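Student: The structure's right below; bear with me while I get my questions together.
Nothing in this text is a laboratory measurement; each read-out follows from the coordinates by a stated rule. All values reported here derive from a predicted model rather than from experimental measurement. Positions of Cβ are generated from backbone atoms using ideal geometry, with glycine treated the same way; all protein chains shown enter the neighbour counts.
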Amino acid sequence: MVGPRALLLRAVIMGPPGSGKGTVSARIVKHFALKHLSSGDLLRDNMNKRTEVGILVKSYIDQGRLIPDGVMTQLMLSELKNADQYHVLLDGFPRTVPQAEALDKVCPIDTVIDLDVPFETIRERLTARWIHPASGRVYNLDFNPPKVPGTDDITGEPLVQRDDDKPETVMKRLKSYEAETKPVLEYYRRKGVLESFSGTETNKIWPRVHSFLQTKLPEVNQKEAATHT
Ligand code: AMP
């Protein structure tokens, strides 16, 4: 229990796929006591458990398309009902203006952390990842390349790209982000709750996000905080 509801932080983290949002969110959760609600994790969990929602959303996710607003909003708002005693960090939701409007009616947002990473940096990052499907070994052409291009170091078998990481899917996801989500940033900018953090390296963006959140929330573990990891 943290206190009266009015004092609870209702934050959203935003940033295109590949912007380092996963890393920054994990660090936020490590440093601050808040409940992290990721729409992508929630959807993947539903898919793994083959729930009704999971079956419905699979084809959208495989094609890099957004889930219809009604389905998404219902799913997230029902999660939020269970979180009225905690500070909350929403991740991946809202992604469209109708989602943001529906959320505002039930749970007004007071802080939006926007990771503003250039398009080209993201394209390079996302298309650099290759995997060995049998073992799950992951290579990155920039900082962890295979010894022989295109093959797994241990078995010599061919590497593949996840459907999500193929250039055409990456472009589709980035375009969808541009089209659907930029207006959400505008929506929050107008409400005066948007905090943008620009840069090309997560390790340089994170300390600024961290300092900003320290002005809003008590830190969980001061020793870890000193390392800024
Ligand atoms: P993520 O892990 O956040 O990139 O989400 C993976 C996929 O889930 C996205 O590419 C979308 O297909 C879907 N998704 C996640 N959040 C939302 C949302 N708020 N609205 C619509 N679709 C979503």
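Student: Below 13 angstrom from the Cβ of residue 50, what's the summed charge of the other residues (Lys, Arg +1; Asp, Glu -1)?
Tutor: Counting the neighbours of residue 50, the net charge comes to +1.
Student: If you take all C-alpha pairs in segment 121-229, what percent of them are over 17 Å apart?
Tutor: 70 percent
Student: Treat segment 1-136 as a sphere of radius equal to its Kirkwood radius over Cα pairs and apply Stokes-Einstein at 10 °C in a medium of 1.306 mPa s; give the translational diffusion coefficient in µm²/s, rounded to a whole number.
Tutor: In µm²/s, the coefficient rounds to 97.
Student: Which of the aspartates and glutamates could be linked to residue 147 by a straight reach, that is with a Cα gap under 18 Å, when you skip same-chain ones fewer than 8 residues away?
Tutor: 157
Student: Which value, in Å to one decimal place, does the Kirkwood hydrodynamic radius take for segment 20-90 when every pair of different Cα atoms is included?
Tutor: 13.2 Å
Student: Right, next: Run the reach check for residue 182 against aspartates and glutamates, Cα to Cα strictly under 20 Å, same-chain hits fewer than 8 apart removed. What comes back?
Tutor: Candidates past the 8-residue exclusion: 69, 91, 101, 104, 110, 114, 116, 120, 195.
Student: Here is a further query. With +1 on the Cβ of every Lys and Arg and -1 on the Cβ of every Asp and Glu, and nothing else charged, how large is the dipole of the chain about its Cα centre, in debye rounded to the nearest 20?
Tutor: 320 debye
Student: Across segment 32-49, in residue order, what do the Karplus-derived ³J(HN,Hα) couplings come to in whole Hz, using 6.51 cos²θ - 1.76 cosθ + 1.60 with θ = phi - 60° and x for Gly and Pro?
Tutor: Values per residue, Gly and Pro as x: 10, 7, 9, 8, 8, 10, 9, 5, x, 4, 5, 5, 5, 4, 5, 5, 4, 7 Hz.
Student: Let me ask something additional. Please work out the Kirkwood hydrodynamic radius for the chain, using every pair of different C-alpha atoms, and report it in angstroms with one decimal place.
Tutor: That comes to 19.0 Å for the chain.
Student: Where the Cα atoms of segment 120-183 are projected onto their three principal axes, how long is each span, largest first, in whole Å?
Tutor: Rounded to whole Å, the extents work out to 46, 21, 14 Å.
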